[in-house]
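Note sheet for the following structure.
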Amino acid sequence: MRNLQAGEPALRRAPAPLLWLAGTVACALAVPLVYLLVRSVEVDGATWSSLLATQLGPLLATTLALALAVTVLAAGVGTGLAFLVERTDLPARSLWRVLCAMPLVIPPYVGAFCYLTLAGPQGLIEQWLAARLGVASVPQVRLIGFPAGALVLVLTTYPFVYLLAGAQLRSTDRGLIEAAHACGQGPWQTFRRVTLPLLAPALGAGSLLVALYAISDFGVVSLLRVETFTAAIYLQLTTRFDRAGAAVLSAVLVVIALGVLWAEQRAQGSGRVAQMKSGWRPPAPVLLGPWRLPALLAVGTVVGLALVLPFALLAAWTVQSLTDRSALAAVWTSAYNNVWQALAHSLASAAAAATIATVAAFPVALLWVRYPSRPAGVFYRLSQLGYALPGLVVALSLVFVGTQFAPWLYGTVAMVLVAYVVRFLPEALQGLRTALAQLSPTLEEASRSLGCSPMATLVRVSFPLLWPSLVAAWALVFLSSLRELPATLLLRPAGFDTLPIRIWIPASESVYTHAAPAALLLVLCSLIPLAFLFVRARTEMPR
Amino acid sequence: MFTRRQVLGVLAVGGLFTAVPSVGLAQGGEELVVYSGRKEPLIQPVLERFQKETGVRVVLKSGDASALANQLLEEQKNPQADVFVANDAGVLGRLGNLGVLQPYLSASIEKIPARYRGAGWVGVTGRARVIMYNKSLIKEADLPKSLLDLSDPKYKGKIAAAGTANESMLGQLSEMRQVMGDEKTREFVRSLVANQTIFLKGHTDVRKAVGRGEFPLGIVNHYYYHLQRAEGSPVGVIYPDQGAGQMGTMINVSGVGIVKGAKHTAAAQRFVDFLATAPAQEIFAQANYEFPLLPGVQAQAGVRSLGDFKVTQVPLSALAKEVDGSLKLANGAGMP
């Protein structure tokens, strides 16, 4: 559409190689999902009906209830924190601003693991209470299952909402607030009628991320025993000698995830907010007055539970693993699957996946931004599918495709890398698309008019300008791949355990000291790319 | 800014280069790829000993036995594993029947009694299905004598067990079906469910729950009782169904099989032979209180010997074809 506007060059035809490249990437990414759906349709009617009759109802109810509860609570917590940090005179705001985003370094399943060691059966809390009361156990204080799963998911995913809402709150013009006050609106009415509508797009995007995560989560629900789709699929995979049930449940789960994605896009399209850019002033902070202490307490509680507590627990368990001889031998110095090997495998596979995903995403983004057309749009959307696919489902479809068409690939590290790329390429794609859209085509045209070939233009003009965005896209995929659990669990070859696997295996056997060191290493590794992304995001935000 | 870019750029390229060689090129020397469905701490000492004695480099993949069995089935066209270690004769037998395992017999394997071997697999250690109890929660007089006693309403809310995700529990149900038929087994499962039996994720959870006094009774493999006792809990053990006319205590084995098409068959054979020798049998017996299957190797002090008690007369090779049926039966009767 844009290309037909006055002043812009007429619609250009995409170079054939670019079209082919983008098409290949998109089709390669879509193959696993399509094949999974084919397999699930081929499953005989009896399996379908018995699964639908016995399992589907409760699974749907639990999965949707969990997604809803987590999304609503995370949106509330994230928005509340963002408002307190960005719009009030909360003491030490700039410190809290960073701390509130920090729980992003804790993968949700690590959060669940920490929760188990603290409040699970015979966790520290129960042990302490039992010792005080002089009894063997106090089952009443155990909190496991749905509420525990929801709590852990909220505490580990609210930063998605917090970051997006915070950016919006920071960039709102003071004039709008003042206008509301001038019209006689009180602070609460101003919040409801001005701030909240302005926040809606950011809230929608953040909530979508949270909802998709809650639907696709595997680690938290498995460790804390919440009977959702992913848990049921994993049970099917591990106990049945037949993949039919898993294929059927996965297909249903994919439909749900696509439904959430679709609903969000509809919602986003309907309400648009425009702000005038010139004469922008930062909004004046709301004075908390007597509410300062309660506000401080609230922010402190969230940060304490979501960040400080997990860190302290992991550190304590790690120290214990160093002092315990059997743990020391099993975790740190064992000849197979020790944490150092796992660390090397994690870093190498995440780096490789990040590089492949960034390179592969580039032609798709370039085609869509520079030469928009129907095929370009199809390729772009196909490449985004992985966004809605739970890792377990990606893994299962790759198992199908791999064993059927590429047995030489199945059971190799390449398969793990493919899973990472399918799942996380959309993260790179979105960043690259935005960056390319901001890069004026006139620069490239100038280069072309000065006699540079398209390739030389790309290398000498576009790449240098896009470099920061490329690095950011790389870092994002690297971070996600680093902490990927379910696909790695199913697809890794023998001897290629990553840090998440080294957390998962001992944690599911309830050997906490063996799981903590890998968890701590993983969290520390996540800090570096995350700090980079955070600094970059802050420097790019308006003022 | 520039240094950070450079660092990340180098990381990207370096990542690719480190990922590739760590995959493609194995370090020198012979290699053995082990898929193990046993708990990692239990298999590690044996692997370490094997590696030290033979110089064969062991590559380990741990997981659920059934999940790994599924993977072996999928990899049939291009086998990745050399040997499969599992915690249940049913899973091994199943793979053997499906042609995933290759038969192997040697002088050292023949020393393991034939009733602990099957098509393509050989038993390594034995385990008995027992009832463990917490001495401070239940009086001697109130203890069940038979697994079937657990249907008694007086044990309502007092039993912990593993669910159908656990191969040993499925194996137990398969044996019960062989002895007393589907209908009575279904009734037994129903009564367990009616008695509000708590089905936990695995036997470690069960033994800990009984050990710390959440439940008076737990259905486990015998070594879980010993592991819990070693932690100092006041627990006791019942070998059920020992009376005249009763079915006897059920036993199962952990075992090993060589994968058909294995890339390192010679190393795999050495490994299987090694597991049938006294040193390996002793490691399992000492570290995990299991019954050594090689005659002449002593069980850990305080553990009963295989010959000491009445054993259910069901051949282990019969379990393989029952797995699916038992799963369906248990799920249908309400066991998760």
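None of the figures in this text is laboratory data; all of them are computed from the coordinates on show. As the structure is a computational prediction, the values presented were derived from the model and not from experiment. Don't worry about glycine lacking a Cβ; one is built from the backbone with ideal geometry, like all the others, and counts go over all protein chains shown.
The length gained by stretching the chain between A:Cys452 and A:Leu527 to full extension, at 0.36 nm per residue less their Cα-Cα distance, is 22.9 nm.
Cross-link list B:Lys135/B:Lys328; B:Lys61/B:Lys263; B:Lys263/B:Lys321; B:Lys158/B:Lys184: which exceed 25 angstrom alpha carbon to alpha carbon?
B:Lys135/B:Lys328; B:Lys263/B:Lys321
Ignoring aspartates and glutamates fewer than eight residues from B:Lys52 along the same chain, the ones with Cα atoms less than 20 angstrom from its Cα are B:Glu30, B:Glu31, B:Glu40, B:Asp82, B:Asp273, B:Glu282.
What is the dipole size for the protein assembly as shown, taken about its Cα centre, with +1 at each Lys and Arg Cβ and -1 at each Asp and Glu Cβ, in debye to the nearest 20?
1840 debye
Computed from the Cβ-Cβ distance with R0 of 25 Å, the FRET efficiency linking B:Arg190 to B:Asp308 stands at 0.15.
Using only the Cα atoms of the stretch A:324-543, build the gyration tensor, take square roots of its eigenvalues as a ≥ b ≥ c, and label the shape rounded, prolate or oblate: rounded if a/c is under 1.5, else prolate if a/b is larger than b/c, else oblate. In terms of gyration-tensor shape, prolate. Averaging the sequence gap over all C-alpha pairs within less than 8 Å and six or more residues apart, then dividing by the number of residues, gives chain B a relative contact order of 27 percent.
Take the Kirkwood radius over Cα pairs of the stretch B:172-273, plug it into Stokes-Einstein at 10 °C and 1.306 mPa s, and you get 95 µm²/s for translational diffusion. Scanning chain B for DSSP H helices at least 27 Å long along the axis (C-alpha atoms) with a Kyte-Doolittle mean no lower than -1.0 picks out B:2-24. Among B:Lys263, B:Lys52, B:Lys145, the largest mean-square fluctuation in a Gaussian network model of chain B, built with springs joining Cα atoms closer than 10 Å, belongs to B:Lys52. The DSSP beta bridges internal to the protein assembly as shown are antiparallel in roughly 60% of cases.
Protection proxy ranking, highest mean first, for peptides A:83-93, B:98-108, A:390-400, B:301-311: A:390-400, A:83-93, B:98-108, B:301-311, where packing is the per-residue count of other beta-carbon atoms within 10 Å, averaged.
With the simple model of a label 7 Å out from the Cα in the direction of the Cβ, A:Leu409 to A:Thr24 spans 1.3 nm. Pairs of Cα atoms nearer than 8 Å and 6+ residues apart set the relative contact order; for the stretch A:393-543 it is 28 percent. For B:Val311, the residues whose amide H sits under 5 Å from its own are B:Thr249, ignoring neighbours fewer than 5 places away on the same chain, with H placed 1.01 Å from N.
Per residue of B:58-68, other chain Cβ atoms within 10 Å of the residue Cβ number 6 on average.
Before anything else, pin down the relative contact order of chain A: Cα pairs under 8 Å, at least 6 apart, normalised by residue count, whole percent.
Relative contact order, chain A: 21 percent.
Once both labels are positioned 7 Å from their Cα atoms along Cα-to-Cβ, the gap between B:Glu231 and A:Val308 label points is 3.1 nm. When the helices of the protein assembly as shown are scored as -39500 (n - 2.57) per DSSP H run of n ≥ 4 and the total is divided over every residue, the value at 222 nm lands at -19500 deg cm²/dmol. Using a Förster radius of 35 Å, what is the FRET efficiency between A:Trp467 and A:Val98 based on their Cβ-Cβ separation? Nearest 0.05, please. After rounding, the FRET efficiency stands at 0.85. Basic side chains Lys and Arg get +1 at the Cβ, acidic Asp and Glu get -1 at the Cβ, and with that the dipole of chain B about its Cα centre reaches some 460 debye.
DSSP beta bridges fully contained in chain B are about 65 percent antiparallel.
With R₀ fixed at 45 Å, the C-beta to C-beta distance from A:Ala437 to A:Leu68 puts the FRET efficiency at about 0.85.
Under 1.5 on a/c is rounded, so check that first for chain A, then, if it is not, pick prolate when a/b is larger than b/c and oblate when it is not; a ≥ b ≥ c are the square roots of the alpha carbon gyration tensor eigenvalues. Because a/c hits 1.5 or more and a/b fails to exceed b/c, chain A counts as oblate.
Select from chain A the helices, each a whole stretch of DSSP H, whose alpha-carbon atoms run 18 Å or more along the helix axis and whose Kyte-Doolittle mean is at least 0.0; answer none if there are none.
Taking the DSSP H segments of chain A (at least 18 Å long, mean hydropathy at least 0.0), we get A:16-42, A:57-87, A:146-171, A:196-216, A:244-270, A:309-323, A:339-370, A:391-405, A:413-438, A:463-482, A:512-540.
With a simple spin-label model that places each label point 7 Å from the Cα along the Cα-to-Cβ direction, the separation between A:Ala46 and A:Gln265 comes to 4.0 nm. Taking the centroid of alpha carbons for each part, the stretch A:71-92 and the stretch B:160-190 are 53 Å apart.
Measuring from centroid to centroid over Cα atoms, what is the spacing of the stretch B:120-136 and the stretch A:382-396 in Å? Cα centres, the stretch B:120-136 to the stretch A:382-396: 41 Å.
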